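None of the figures in this text is laboratory data; all of them are computed from the coordinates on show. Quick caveat, the model's predicted, so the values are computed rather than measured. So basically every Cβ, Gly included, is an ideal-geometry build from the backbone, and we count neighbours across all protein chains shown.
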2 protein chains.
Amino acid sequence: MDFDNNNLSQNKMLNEFDIFKDFLQQKNLRWTPQRKMILEIFLSFDGHVDIESLHQKIQEQDPSLGIATLYRTLKILVDCELVEAHSFHDGKKSYERKFRVQHHDHLICTQCEKTIEFEHALIEKYQIEICEEYGFTLKSHKMELMGVCENCRKE
Amino acid sequence: MDFDNNNLSQNKMLNEFDIFKDFLQQKNLRWTPQRKMILEIFLSFDGHVDIESLHQKIQEQDPSLGIATLYRTLKILVDCELVEAHSFHDGKKSYERKFRVQHHDHLICTQCEKTIEFEHALIEKYQIEICEEYGFTLKSHKMELMGVCENCRKE
DNA sequence: CTATATATTGATAATAGTTATCAATATCAA
DNA sequence: TTGATATTGATAACTATTATCAATATATAG
């Protein structure tokens with residue numbers, strides 16, 4: 001069955017689908033229509049997505065796709081480093097596109113939950129210094145600034 | 001019944017117990033032996049504590065104290081800003097003393113889970129600048145640097 | 001192209017952490 | 001001391017996530 005109509009692998013530049021396929025092959029896992037659809041829908045979101053939103057959008061396209069498959073696929077996507085998992089204050093996990101996206105930190109409005117992504121070169125520099133000071137090898141980091149945005153302050 | 005042997009409120013300087021009592025009174029809540037014990041045991045820990053560790057230590061002193069009371073009390077302590085709740089990568093919540101403790105960020109070993117707390121004045125300064133730039137009023141922040149510590153690297 | 005080994009799927013049971021319910025009890029203000 | 005009501009512990013309920021399993025789809029060797 002040829003469900004891969006886009007035939008993305010003909011594109012010389014590596015994209016998320018190729019990376020995912022390669023990873024699956026490497027690990028002796030299989031490229032399935034469900035996994036393709038989940039990655040497609042995941043990429044159609046900007047910024048952060050939670051399971052609920054993903055599941056909802058998937059249901060619209062294919063109501064037969066089970067929630068367990070969604071969880072399983074996201075776990076693989078995290079393993080192959082295309083996706084990053086976050087756990088925010090409310091305990092719910094959210095997922096974020098990682099590949100070819102510069103690392104970024106988050107500015108979160110505690111009232112409307114609006115989230116802005118940013119980065120700051122000097123902060124990154126100091127992070128590395130701090131790690132060296134304590135003998136750590138830095139692998140990744142997460143910074144969240146919680147505050148109230150302009151709009152919410154007006155109300 | 002006078003379970004408050006320490007009579008902490010006679011101490012002129014505000015401490016966690018007074019703050020907690022005041023908060024309870026303000027909100028028309030009651031000062032109970034269970035709440036006192038939970039705060040005591042919470043304060044006896046350094047740095048981060050999770051529910052499990054707290055519950056275990058509480059069981060040693062008073063096996064009759066229910067887990068629901070522990071959750072309820074921690075929620076109040078967070079409300080009155082004596083305690084800060086974090087949710088780390090594994091989805092489990094942990095709690096951290098907040099009052100009279102300088103804010104600090106975390107350096108976490110992804111292998112042994114060892115956690116070091118640190119702060120950096122310039123990073124804090126830049127955080128404020130970033131917030132201003134986006135029109136946010138900064139309320140709190142969280143920074144986690146994930147890496148591998150010296151010991152784990154040797155193994 | 002076909003056969004075969006095995007990875008994957010969806011449904012659902014199971015689990016873990018947390019919260020809600022409720023009757024008995026403790027607190028606290030008058 | 002009393003009475004209104006907040007609190008407690010036990011436990012049911014709930015939510016998010018993971019494990020189980022039989023049916024099915026995929027990849028690969030021939």
Report summary line: Karplus-derived 3J(HN,Hα) from phi for the stretch A:119-124 (6.51 cos²θ - 1.76 cosθ + 1.60, θ = phi - 60°), whole Hz, x at Gly and Pro, runs 8, 8, 4, 5, 4, 4
Query raised in the report: Per-residue mean of other chain beta-carbon atoms within 10 angstrom of the beta-carbon, peptide B:123-134?
Result: 5
Requested in this report: Assign one of three labels to the stretch A:105-154, namely rounded, prolate or oblate, based on the Cα gyration tensor with a ≥ b ≥ c the square roots of its eigenvalues; rounded applies when a/c is under 1.5, prolate when it is not and a/b is larger than b/c, and oblate otherwise.
Outcome: prolate
Query raised in the report: Relative to the other copies, what are the label-point distances for residue B:139, with labels 7 Å from Cα along the C-beta vector, expressed in nm at one decimal and sorted shortest first?
Result: 3.2
Query raised in the report: Of the beta bridges DSSP finds with both residues in the stretch B:105-154, what % are antiparallel, to the nearest 5?
Result: 50
Query raised in the report: Once amide H atoms are placed 1.01 Å from N in the peptide plane, what residues at a sequence separation of 5 or more from residue A:114, or on another chain, have their amide H within under 5 Å of its amide H?
Result: A:109
Query raised in the report: Counting only residues 5 or more places away or on other chains, whose amide H sits under 5 Å from the amide H of residue A:50 once H atoms are built in the peptide plane?
Result: A:95
